[in-house]
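What follows is calculated from the coordinates using simple rules that are stated; it is not laboratory data. This one's a predicted model, so the numbers in the text were calculated from it and none came from an experiment. Reconstructed Cβ throughout: ideal geometry from the backbone, glycine too, with neighbour counts over all protein chains shown.
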Amino acid sequence: MSFEANLKRLGITLPPPPEPGGKYLPYRRVGHLVYLAGVISISAEAGEWVGQVGDERSLEDGRAAARVCALNALAVLRSVTGSLDDIKQLISVSGYVNAVAAYGQSPSVINGASELFVEVLGEAGEHARAAVSVAGLPKNATVEIQVIAEMRG
């Protein structure tokens, strides 16, 4: 099944790709590799997830915020060629969790993004990953991720 057909089967509608929040590109393509700028957990369609995990946000809120980031990342990847079916595989995901000091569950939070990628892309969505807690993110977003993907042709 194609990735686009899988989105429909799952009932997932991607938001428009987020606009850059500064003077940078939303992605840079180098050969078959696409490097995404960080995408945060804010989307008009999927909600606005702001605040720190371990304070005003729970682990489950963080997972939902990471899922919003994954939807935003897929929207950017679709904008590269016009179709998710041109993704060969995800290579790496770096996840940043806006969390209280000494928060140790950032990998569990970023699982919200990783699980969505595998849900939509199957084996092609499996990836290497880092997941860290940070003291703050742009617009007080709960989560931010960066993705590197390999595209077909």
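Details
- Percent of C-alpha pairs per 5 Å bin, segment 90-135, short to long: 6, 24, 29, 20, 12, 8, 2
- Each other residue within a Cβ distance under 12 Å of residue 78 adds +1 if Lys or Arg and -1 if Asp or Glu, for a net charge of -3.
- Tail fraction, Cα-Cα pairs, the chain, threshold 21 Å, whole percent: 38
- Charge context of residue 34, other residues only, Cβ under 12 angstrom, K/R +1, D/E -1: +3
- Length gained when the stretch residue 30-residue 9 is fully extended (0.36 nm per residue, less Cα-Cα span): 4.4 nm
- Counting DSSP beta bridges with both ends in segment 1-121, the antiparallel % (nearest 5): 75
- The angle between the Cα long axis of helix 106-121 and the main principal axis of the chain comes to about 20°, on a 0 to 90 degree scale.
- Sparse packing (at most 16 other Cβ atoms within 10 Å of the Cβ) combined with a DSSP loop state is found for the following trypsin sites (Lys or Arg not before Pro) in segment 94-153: 152.
- Extension gain, residue 88 to residue 132: 0.36 nm times the residue separation minus the Cα-Cα distance gives 13.2 nm.
- For segment 1-60, GluC sites (Glu not before Pro) are listed when DSSP marks them as loop and at most 12 other Cβ atoms sit within 10 Å of their Cβ; the list is 45, 56.
- Long-range HN-HN contacts of residue 52 with modeled amide H, under 5 Å: 57
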